[in-house]
Amino acid sequence: MLGHSHALSGLAAGAAVLPWAPVHGTVGQVSWVAACGGFAMLPDLDQEGTTISRMWGPISDLPAKAINWVSGGHRWGTHDAVLGPAVFGGLALLASHSFWSSLVLLALAIGLALHALNFVIPGNTETTMIGNLAVSWVGAWFLLQHSPAPLWLPYAVGIGVLAHIAGDFLTREGIPVPVIWLVHRCRIEISHLRTGATVERLLLAPAFLTLTLVFLYLNTGARGLVNPIVARIVGNAGSG
């Protein structure tokens with residue numbers, strides 16, 4: 001699937017599980033959903049030289065080269081529905097115990113989300129190395145100042161990575177058979193959907209966006225803000 005589809009699916013998944021997410025307050029909820037969306041891009045950091053891996057220049061591209069080598073290439077280890085969430089989540093667990101490593105991880109999530117969703121963001125600041133770095137780190141710093149000790153990061157990583165893998169499971173390239181691929185390279189797929197196909201662009205991506213908005217309405221304080229506005233509009237229309 002395309003990058004923005006993965007990011008949107010991660011946002012939708014994060015918003016859907018908000019009632020069970022280990023976060024509290026508006027800032028915590030925003031951090032959780034944004035992180036799930038950004039972490040849904042993590043599995044594709046198994047390719048060196050891609051748009052996503054070059055997000056922060058050598059800072060992100062060199063680790064992508066290492067991830068590619070360790071994971072066995074694109075769409076193998078990082079796309080394993082068992083090993084992918086376990087390894088990425090384990091690394092996030094280690095990072096969550098320190099402010100600075102949490103800052104790096106959350107900034108990475110924000111940067112990936114901004115890069116993937118740049119088509120709906122005015123300008124191109126988020127697609128430049130310096131601009132993305134600045135916005136991502138400032139955003140991560142702000143969120144952590146209002147949501148310290150983010151021990152929820154491993155869970156957000158797991159949700160995002162699984163959302164990504166589920167999305168690629170829908171494409172004709174498929175995903176590796178969990179764990180089995182280590183001894184016998186084999187894949188499974190559920191359809192012959194081509195990445196970037198019309199179905200994805202006109203059906204799946206809008207559906208993920210719609211689900212994100214619906215779940216945010218249902219699972220956050222947004223309902224208390226939206227309902228009075230809707231009631232006022234309906235009331236004005238009725239009196240007219």
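The values are calculated or read from the model by the stated rules, or taken from the named source; none is laboratory data. None of these values were measured; they are calculated from a predicted model. Backbone-built Cβ (ideal geometry, glycine too); neighbour counts: all protein chains shown.
Observations, loosely collected:
- Any hit, the range 173-182, residues being assigned to a helix (DSSP H, G or I) and within 13 Å of Ser5 (Cα to Cα): no
- Within the range 135-191, if we keep just the residues that are polar (S, T, N, Q) and touching an Asp or Glu at 6+ places or on another chain (Cβ under 9 Å), the residue that is nearest to Val104 (Cα to Cα) turns out to be Ser136.
- Lone qualifier among Ala92, Ala107, Ala81 - being closer than 19 Å to Gly3 by Cα, among the aliphatic types (A, V, I, L, M) and outside any loop (DSSP other than H, G, I, E, B): Ala107
- Filtered residues of the range 147-180 (kept if in contact with a Gly (Cβ under 8 Å, 6 or more places away or on another chain), of a type in the set (A, V, I, L, M, F, W, C) and more than 19 Å from Ala34 (Cβ to Cβ)): Ile165
- Count of the range 23-78 residues which are of a type in the set (Gly, Ala, Ser), under 30 Å from Asn219 (Cα atoms), part of a helix (DSSP H, G or I) and at pLDDT 90 or above: 4
- Summed over the range 1-22, residues that are modelled with pLDDT under 95, crowded, with 21+ Cβ neighbours inside 10 Å, among the aliphatic types (A, V, I, L, M) and farther than 13 Å from Val161 by Cα total 2.
- Subset of the range 131-168 that is of a type in the set (Phe, Trp, Tyr) and in contact (Cβ under 8 Å) with a residue 60 or more places away in the chain - its residue that is farthest from His79 (Cα to Cα): Trp152
- Matching entry among Gly25, Gly73, Gly49 (being of a type outside the set (S, T, N, Q), within 29 Å of Val214 (Cβ to Cβ) and more than 13 Å from the chain's Cα centre (by Cα)): Gly25
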